[in-house]
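The values are calculated or read from the model by the stated rules, or taken from the named source; none is laboratory data. Values in this document were obtained by computation on a predicted structure and should not be read as measured data. Here Cβ is always computed from backbone atoms with ideal geometry, including for glycine, and neighbour counts include all displayed protein chains.
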Amino acid sequence: MDSSRPRPSALLTLLAVAILGLVTGCGESDPPTAPQTGTVEVTLRADAFSPSQVTVEAGTTIRWVNGGDVVHTITPDGHEEWTRAVLESEGEVFEHTFHEPGDYPYICEPHQALGMVGTIRVVP
């Protein structure tokens, strides 16, 4: 038998491991965490919100902070929970307190094409 050729059982095992990884969600970015409370800070980087996904309890305030000297917006995407905010300079802050459960997606208009999007999930 040619030892350089993979055995069928080895190929099946490799395939099974790959499928199991897909089914169990292997490779997901962030595991779910407990909802945060109080005031939660989101930093606006050059082309990303950090963190981009936040889960909070109702009554929590999100504080967006411009982390550089680039102009950013915090623009609601499909809802009217707040009005568009523009942060023009490093250290500038926008805050909003969330009272109603739901998902609140938002974008940075100048950097949306670069993937600068985020979501606030509010739970009771």
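The listed residues are 67, 38, 21, 59, and the only one of them that is within 22 Å of residue 120 (Cα to Cα) and at pLDDT below 95 turns out to be 38.
In region 58-72, the residues that are under 10 Å from residue 93 (Cα atoms) reach residues that are surrounded by fewer than 16 Cβ atoms within 10 Å (Cβ to Cβ) and among the aliphatic types (A, V, I, L, M) with C-beta atoms within less than 8 angstrom, at least six apart or across chains, in these pairs: 63/93; 64/93; 65/93; 66/93.
Name the single residue that is nearest to residue 100 (Cα to Cα) among those in region 39-50 being touching a residue at least 24 places away in the same chain (Cβ under 8 Å) and not aliphatic (A, V, I, L, M). Ranking the qualifying residues of region 39-50, first place goes to 39.
Taken together, the residues in region 73-108 that are in contact (Cβ under 8 Å) with a residue 24 or more places away in the chain, within 20 Å of residue 39 (Cβ to Cβ) and surrounded by 11 or more Cβ atoms within 10 Å (Cβ to Cβ) amount to 14.
Tell me which residues, restricted to region 63-93, are assigned to a strand (DSSP E or B) and under 20 Å from residue 114 (Cβ atoms). Hits for region 63-93 are 64, 65, 66, 72, 73, 74, 75, 76, 85, 86, 87.
Across region 48-62, the qualifying residues are those that are in a loop (DSSP other than H, G, I, E, B) and not hydrophobic (A, V, I, L, M, F, W, C), and the one among them that is nearest to the chain's Cα centre (by Cα) is 52.
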